[in-house]
Amino acid sequence: MAKKRPATQPLTRTFIFVPERKMSETILDFAAPLLEPLGPVPALADARGAIELAINVWNLHVMATSLWGKPQFLAEARQVACRPGSPPGLAAVFEALGERRRTSFLNDYRCVGEWSLGPDGAGGHSLRCDARLPEGCEPHVPPRAETRISIDGRYLDEIRLQQTATSFVAFPPERHRADVTGDRIVLHLPALAVVQLFADGGLPTIGGRSVELVVRARPPRRMVLVDVCAGARSAVGEVVSLTFKPADRG
């Protein structure tokens with residue numbers, strides 16, 4: 001769905017919220033005002049024309065968002081639709097679809113890449129769409145539990161540092177290390193993640209309430225934070241070490 005990150009990309013990732021509904025289902029919904037007048041089973045060529053127009057308008061509005069940063073394409077297309085000599089009604093359809101996107105699909109930042117419409121084998125049509133995300137952005141896909149650490153049920157890779165209303169930076173599981181020695185657990189975490197944990201109440205003060213700590217799918221343990229110290233600076237930023245001991249130990 002999204003392009004793979006280049007090997008040189010930092011270990012922090014920018015995630016955006018992606019609807020669970022398939023891109024093809026979303027486009028068919030978006031194009032409904034153009035498809036419905038064509039009847040329940042329109043001619044394939046007519047359906048293709050309607051969907052092509054809907055996809056073009058969709059992509060222009062998506063590209064105009066701050067995440068894509070290319071509003072000039074929408075402005076140019078609007079000028080073309082409104083100038084003399086354009087097909088009758090094109091400007092009205094263009095604006096109606098734009099308003100439909102703003103009211104019902106505003107937070108969907110997927111662009112349509114390659115697409116095709118063909119017979120579905122049952123007398124109807126089947127749409128297939130390739131969804132694309134902005135360069136450097138990824139949909140959020142939870143990692144396997146065996147790679148994760150959680151505090152009171154909150155996975156550390158789900159700590160989010162907000163960038164915009166719909167995007168954030170998170171630290172993947174490989175940025176979180178744990179040393180288990182005897183009855184103590186020391187977590188080595190990105191400093192920004194630790195600051196966020198303290199800020200939103202995910203971590204108590206030293207010697208405060210106990211928390212449930214789960215390290216890479218091991219059985220949960222009630223632990224108390226007993227020490228916080230700066231760790232060695234890594235290639236990807238400051239590291240803070242958090243030391244926990246069992247809650248029932250003095």
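The values are calculated or read from the model by the stated rules, or taken from the named source; none is laboratory data. These numbers were taken from a predicted model, which means no experiment stands behind them. Here Cβ is always computed from backbone atoms with ideal geometry, including for glycine, and neighbour counts include all displayed protein chains.
Based on this model, can you work out whether residue 205 counts as assigned to a loop (DSSP other than H, G, I, E, B) and more than 30 Å from the chain's Cα centre (by Cα)?
Against the criterion (assigned to a loop (DSSP other than H, G, I, E, B) and more than 30 Å from the chain's Cα centre (by Cα)), residue 205 qualifies.
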Counting only residues that are touching a Cys at 6+ places or on another chain (Cβ under 6 Å), give me the strands (runs of 3 or more DSSP E) lying completely in the range 119-199 with at least 1 of them.
-> 125-132
Scanning for something surrounded by 13 or more Cβ atoms within 10 Å (Cβ to Cβ), in a strand (DSSP E or B), touching a Pro at 6+ places or on another chain (Cβ under 9 Å) and in the same structural domain as residue 32 (by TED's automatic domain parsing), does the range 99-111 turn up at least one residue?
-> yes
Hey, does the range 113-129 have a residue that's touching a Gly at 6+ places or on another chain (Cβ under 7 Å), assigned by TED's automatic domain parsing to the domain that holds residue 29 and surrounded by fewer than 17 Cβ atoms within 10 Å (Cβ to Cβ)?
-> yes
In the range 146-199, residue nearest to residue 133 (Cα to Cα) [restricted to those that are without any contact (Cβ under 8 Å) to a residue 40 or more places away in the chain and among the polar types (S, T, N, Q)] = 162
Taking the stated definitions as given, is residue 71 touching a strand residue (DSSP E or B) at 6+ places or on another chain (Cβ under 9 Å) and surrounded by 12 or more Cβ atoms within 10 Å (Cβ to Cβ)?
-> no
Out of 67, 60, 74, sole residue that is outside any helix (DSSP H, G or I), under 26 Å from the mean Cα position of the chain (by Cα) and closer than 23 Å to residue 26 by Cβ | 67
